[in-house]
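The values are calculated or read from the model by the stated rules, or taken from the named source; none is laboratory data. Bear in mind the structure is a predicted one, so any value in this text is a computation, not a measurement. Cβ atoms come from the backbone with ideal geometry, glycine included; neighbour counts cover every protein chain shown. Protein only, heavy atoms only, side chains kept; ligands, DNA and RNA dropped before computing areas. Shrake-Rupley method; radii C 1.70, N 1.55, O 1.52, S 1.80 Å.
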Amino acid sequence: MEWLTQILSALLLMITASYILKIFRSSVKFKNLLNKFPGPEPLPLIGSITDYMVPREQMATVFDKRFKEYGPVVRVWNPVCMDPDLFITKPEYLEVILTSTKHIKKSTAYDGLKPWLGTGLLTSTGKKWQLHRKLITPAFHFNILEDFFQVFVEKSKSLINTMTKLPVGTTIDLMPIISKCTLDIICETAMGTCMNIQEDKEHEQYVSAVLELSEITMYREFRPWLYSDLVFYRTQYGKQYAKCLQILHGFTENVIQKRKLHTNKKPSAEENSEDTSTGARRRLALLDLLLDTCDSPHPLTDLEIREEVDTFMFEGHDTTAMAITWALYLLGTHPHIQERVVVELEEIFSTSQRSPYFEDLVAMKYLERVIKEALRLYPSVPFIARKIEEDLPLGDGYIIPAGTGVTLDIFHTHRDPTQFPDPYVFNPDNFLLERTRKRHPFAYIPFSAGPRNCIGQKFAMMEEKTVLSAILRNFKIEAVEENVVMLQELTLKPVNGLLVKLTPRKH
């Protein structure tokens with residue numbers, strides 16, 4: 001029996017050695033492929049993490065420096081030099097990644113959002129993402145968006161009423177009041193629930209909690225010693241994070257319960273034609289689609305419904321609020337462009353103070369170019385990140401090895417001088433048709449692109465046109481500061497808000 005033991009021992013040793021050799025070769029291949037990409041030399045054990053140990057307002061400068069030094073793709077090694085990231089701005093490289101149906105998994109950078117958003121549409125992947133994307137898409141059909149338009153108008157009027165009550169020539173921070181308006185809109189459209197957020201100060205907690213939670217999430221992302229929940233939730237940051245979560249989840253659970261009580265039966269996508277008793281169209285909310293899955297082959301759990309509601313409450317109000325706010329700031333620093341928008345609005349509305357019609361949005365062509373240019377300079381979502389799950393040829397001799405995280409830096413892509421002459425100048429004519437035809441299609445991706453593009457981009461453009469046109473018809477906007485420091489975080493925000501002076505227009 002001794003000879004059998006020796007043979008088995010030898011076989012076990014060979015298998016173990018073969019396994020170790022395979023891991024070693026895989027590791028060598030992995031590092032060799034990554035080291036072909038330019039980037040800073042990592043420090044032992046801590047990688048490149050020291051570059052990110054700076055105040056929040058200096059992070060944008062770190063990325064600026066990186067791309068200037070190394071070019072449109074930069075390799076970074078995170079702590080212990082075992083977790084690599086590629087930061088990419090080149091449109092051709094972005095196209096390879098974003099158009100792929102294989103590489104749709106979000107990177108570990110999104111793990112910090114999961115206590116808040118769970119695995120909703122933003123953070124999920126695989127079959128769950130495919131199923132939920134298919135389920136939610138009908139909520140953004142053009143006909144349903146047309147139904148939402150009246151909500152945009154009503155909530156814009158509430159915003160104007162708030163602004164009109166302020167002293168003439170007053171200076172205000174745009175962010176809080178615009179955020180409450182867009183939160184009001186997303187509650188009544190996508191969630192089908194009227195919350196009167198602009199009139200009710202009780203809901204100010206939600207907006208504040210979103211800001212705080214976003215800040216803490218990014219703070220934790222660049223501090224590996226806080227990755228462990230055991231450590232994090234014992235710190236002051238973790239305790240505040242938990243408090244914010246309680247506010248946000250409590251708010252969305254309240255929205256869900258209100259919608260459940262509002263009606264016993266909601267219209268399906270096919271039935272959303274008209275109410276037989278009144279002849280009026282009935283609005284189909286996103287929340288209705290989620291709740292109606294109870295009788296489907298793939299019913300959503302209560303937790304899954306809340307995850308999707310949390311996701312759309314965040315994405316549907318914060319990103320749009322920032323797009324509107326940055327557009328107003330840019331118009332406030334470029335009065336000649338602001339007046340050109342006003343002239344276009346006067347051509348549409350003349351001297352009438354009537355509410356806009358849905359068709360008026362189509363005529364706001366210059367305002368649309370203004371919005372697009374504002375999103376170029378200040379994209380609401382400055383970056384997105386993916387996990388590459390199998391070796392991916394990128395072009396120019398580069399291959400991204402499986403297991404690599406990639407950060408697609410939208411902010412810097414939009415400021416590429418090879419794509420946008422005078423990239424730091426606010427110029428809505430960048431979106432004249434003859435200019436857009438000459439650019440690479442992935443040089444401008446404020447709503448991402450490919451299979452995981454933003455499902456609500458048409459909704460957002462309609463909302464932004466409605467709110468901006470209402471403000472500009474009633475007020476002249478003058479920016480108080482011209483050089484605003486940015487925070488490139490979950491959404492692109494100014495460090496200290498955006499102060500403007502409001503002057504009522506004469507009618």
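Annotations for the structure displayed:
- Residue in the range 78-87 that is open to solvent by 60 Å² or more (accessible area, probe 1.4 Å), of a type outside the set (Ser, Thr, Tyr) and on the phi > 0 side of the Ramachandran plot present: yes
- The residues of the range 110-139 that are surrounded by fewer than 19 Cβ atoms within 10 Å (Cβ to Cβ) and over 16 Å from GLU304 (Cβ atoms), listed by number, are ASP111, THR137, PRO138.
- Subset of the range 444-463 (residues that are aliphatic (A, V, I, L, M) and assigned to a helix (DSSP H, G or I)): ALA460, MET461, MET462
- Selection count, the range 299-351, where residues are assigned to a loop (DSSP other than H, G, I, E, B) and at pLDDT below 90: 5
- Number of residues in the range 361-384 that are over 30 Å from LEU122 (Cα atoms) and either among the small types (Gly, Ala, Ser) or free of Cβ contacts under 8 Å to residues at least 60 places away in the same chain (or both) equals 2.
- Residue match in the range 379-395 (condition: more than 23 Å from ALA60 (Cβ to Cβ), surrounded by 17 or more Cβ atoms within 10 Å (Cβ to Cβ) and out of contact with any Gly (no Cβ under 9 Å at 6 or more places or on another chain)): yes
- Residue match in the range 109-126 (condition: assigned to a helix (DSSP H, G or I) and over 21 Å from the mean Cα position of the chain (by Cα)): no
- Any chance THR351 is farther than 29 Å from VAL96 by Cβ and either of a type in the set (A, V, I, L, M, F, W, C) or open to solvent by 40 Å² or more (accessible area, probe 1.4 Å) (or both): yes
- Residues (among the polar types (S, T, N, Q) and surrounded by fewer than 24 Cβ atoms within 10 Å (Cβ to Cβ)) located in the range 181-207: THR193, ASN196, GLN198, GLN205
- With respect to the conditions (1) of a type outside the set (Asp, Glu); (2) within 25 Å of LYS465 (Cβ to Cβ); (3) touching a residue at least 12 places away in the same chain (Cβ under 8 Å), ALA209 lacks only one, and its number is (2).
- Evaluation of TYR206 against (1) farther than 12 Å from HIS317 by Cβ; (2) under 18 Å from the mean Cα position of the chain (by Cα) (one fails), failing number: (1)
- Of everything listed in (1) modelled with pLDDT of 85 or more; (2) among the polar types (S, T, N, Q); (3) outside any loop (DSSP other than H, G, I, E, B), the single unmet condition for THR293 is (1).
- Cβ pairs under 7 Å, 6+ apart, first in the range 317-345 and under 20 Å from LEU183 (Cα atoms) and among the acidic types (Asp, Glu), second open to solvent by less than 10 Å² (accessible area, probe 1.4 Å) and not in a helix (DSSP H, G or I): ASP318/THR491
- Condition broken by LEU248, with the remaining ones in (1) closer than 20 Å to GLU489 by Cα; (2) at pLDDT below 85; (3) among the aliphatic types (A, V, I, L, M) satisfied: (2)
- The range 159-172, subset open to solvent by 10 Å² or more (accessible area, probe 1.4 Å) and touching a residue at least 40 places away in the same chain (Cβ under 8 Å), residue nearest to PRO494 (Cα to Cα): ILE172
- Filtered residues of the range 225-245 (kept if open to solvent by 40 Å² or more (accessible area, probe 1.4 Å) and either at pLDDT below 85 or touching a Gly at 6+ places or on another chain (Cβ under 9 Å) (or both)): TRP225, TYR227, ASP229, VAL231
- Positions within the range 396-423 being of a type in the set (Ser, Thr, Tyr), open to solvent by 40 Å² or more (accessible area, probe 1.4 Å) and within 30 Å of GLY126 (Cα to Cα), in sequence order: TYR398
Residues checked against (1) at positive phi; (2) in contact (Cβ under 8 Å) with a residue 12 or more places away in the chain; (3) basic (Lys, Arg):
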position	(1), (2), (3)
VAL151	no, yes, no
LYS157	no, yes, yes
LEU174	no, yes, no
ILE185	no, yes, no
GLU188	no, yes, no
GLY192	yes, yes, no
GLN205	no, yes, no
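- Filtered residue count, the range 30-84, keeping only those that are among the aromatic types (Phe, Trp, Tyr), modelled with pLDDT of 75 or more and either in contact with a Phe, Trp or Tyr (Cβ under 6 Å, 6 or more places away or on another chain) or assigned to a loop (DSSP other than H, G, I, E, B) (or both): 1
Listed here are the residues, each with its yes/no results for (1) buried (at least 18 other Cβ atoms within 10 Å of the Cβ); (2) part of a helix (DSSP H, G or I).
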position: VAL425; (1), (2): no, no
position: ASN430; (1), (2): yes, yes
position: ARG435; (1), (2): no, yes
position: PHE442; (1), (2): yes, no
position: LYS465; (1), (2): yes, yes
position: ALA470; (1), (2): yes, yes
position: ASN496; (1), (2): no, no
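- The single condition from (1) touching a strand residue (DSSP E or B) at 6+ places or on another chain (Cβ under 9 Å); (2) farther than 28 Å from PRO167 by Cα; (3) among the hydrophobic types (A, V, I, L, M, F, W, C); (4) surrounded by fewer than 22 Cβ atoms within 10 Å (Cβ to Cβ) that VAL480 fails is (2).
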